[in-house]
């Protein structure tokens, strides 16, 4: 059982409620979306075939219990779920980032899902698989990457329509270098919206040409 792996590295988690914590990143190759602001185009095709045992051996060199499975879109590869199963068996605390365009139903329950619902400015909002919200757990997180007021208003409507604030944590993140953070923060405060504002912390620590390795 093999997966195409774009990169494995040790850094800090730059997003989600785990932001700032040391984390092992397992980035899988391939993505079915082409978001307008994508910052990981290098993961669309490039990668190395690795077995699950090879992946485990590589991450064991790091003294870290937190693992993020990401992409690309990790759920495109059938062996992603068996990889997560094995990570859980090895007592890792597992997070997965997914675009929300593929069903999360089969993701093991012990995994923390970070679901990225695509806003209009991504040009991919028509790809959101809304049935995924039925499988969201209380400790999961839904993220909205916001590039303008249209995205913000759209996100508010989705939150209300699906009662998201009572289902899981909700994150609002600015599209990097496309909108000023204070705009979104002011909108949140004005509307008294009970969401968590976040930035992509890693992009403020390392230059854009680095990956935080």
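The values are calculated or read from the model by the stated rules, or taken from the named source; none is laboratory data. Since the structure is predicted, the reported quantities are computational estimates derived from the model, not experimental observations. Cβ sites come from the backbone with ideal geometry, for glycine too, and all protein chains shown count toward neighbours.
Touching a strand residue (DSSP E or B) at 6+ places or on another chain (Cβ under 8 Å) and either under 20 Å from residue 35 (Cβ atoms) or without any contact (Cβ under 8 Å) to a residue 12 or more places away in the chain (or both): which single residue out of 176, 152 fits that description?
152
Scan segment 139-155 residue by residue and report those that are out of contact with any helix residue (DSSP H, G or I) (no Cβ under 7 Å at 6 or more places or on another chain) and closer than 16 Å to residue 194 by Cβ.
Passing the criteria: 141, 143, 155.
Answer yes or no as to whether residue 11 is in a loop (DSSP other than H, G, I, E, B) and closer than 26 Å to residue 171 by Cα.
No, not satisfied.
Against the conditions (1) at pLDDT below 95; (2) within 15 Å of the chain's Cα centre (by Cα), where does residue 208 fall short? Just the number, please.
For residue 208, the exception is condition (2).
Out of (1) surrounded by fewer than 18 Cβ atoms within 10 Å (Cβ to Cβ); (2) over 30 Å from residue 186 (Cα atoms), the odd one out for residue 76 is which?
(1)
Determine if segment 76-94 includes at least one residue that is closer than 16 Å to residue 118 by Cβ, touching a residue at least 12 places away in the same chain (Cβ under 8 Å) and part of a loop (DSSP other than H, G, I, E, B).
No, segment 76-94 has no match at all.
Surrounded by 17 or more Cβ atoms within 10 Å (Cβ to Cβ) and under 29 Å from residue 62 (Cα atoms), is that true of residue 140?
Considered against the rule, which asks whether it is surrounded by 17 or more Cβ atoms within 10 Å (Cβ to Cβ) and under 29 Å from residue 62 (Cα atoms), residue 140 comes out as yes.
Report yes if residue 102 is modelled with pLDDT of 95 or more, touching a strand residue (DSSP E or B) at 6+ places or on another chain (Cβ under 9 Å) and either closer than 21 Å to residue 14 by Cβ or assigned to a loop (DSSP other than H, G, I, E, B) (or both), otherwise no.
no
Considering only residues that are under 25 Å from residue 122 (Cβ atoms) and touching a helix residue (DSSP H, G or I) at 6+ places or on another chain (Cβ under 6 Å), look in segment 34-60 and name the one that is surrounded by the fewest Cβ atoms within 10 Å (Cβ to Cβ).
Ranking the qualifying residues of segment 34-60, first place goes to 36.
From 165, 115, grab the single residue that is at pLDDT 95 or above and either surrounded by 16 or more Cβ atoms within 10 Å (Cβ to Cβ) or closer than 20 Å to residue 76 by Cα (or both).
None of the other options fit; the residue is 115.
Cβ-Cβ distance below 6 Å, separation of 6 or more or different chains: which pairs start in segment 1-23 with a residue that is at positive phi and modelled with pLDDT under 95 and end on one that is assigned to a strand (DSSP E or B) and crowded, with 18+ Cβ neighbours inside 10 Å?
Correct list of pairs: 16/114; 16/141.
Confirm whether residue 38 is closer than 29 Å to residue 146 by Cβ, in a loop (DSSP other than H, G, I, E, B) and free of Cβ contacts under 8 Å to residues at least 12 places away in the same chain.
It is true that residue 38 is closer than 29 Å to residue 146 by Cβ, in a loop (DSSP other than H, G, I, E, B) and free of Cβ contacts under 8 Å to residues at least 12 places away in the same chain.
State whether the residues of segment 51-61 include one that is in contact with a strand residue (DSSP E or B) (Cβ under 9 Å, 6 or more places away or on another chain) and part of a loop (DSSP other than H, G, I, E, B).
Checked segment 51-61: at least one residue is in contact with a strand residue (DSSP E or B) (Cβ under 9 Å, 6 or more places away or on another chain) and part of a loop (DSSP other than H, G, I, E, B).
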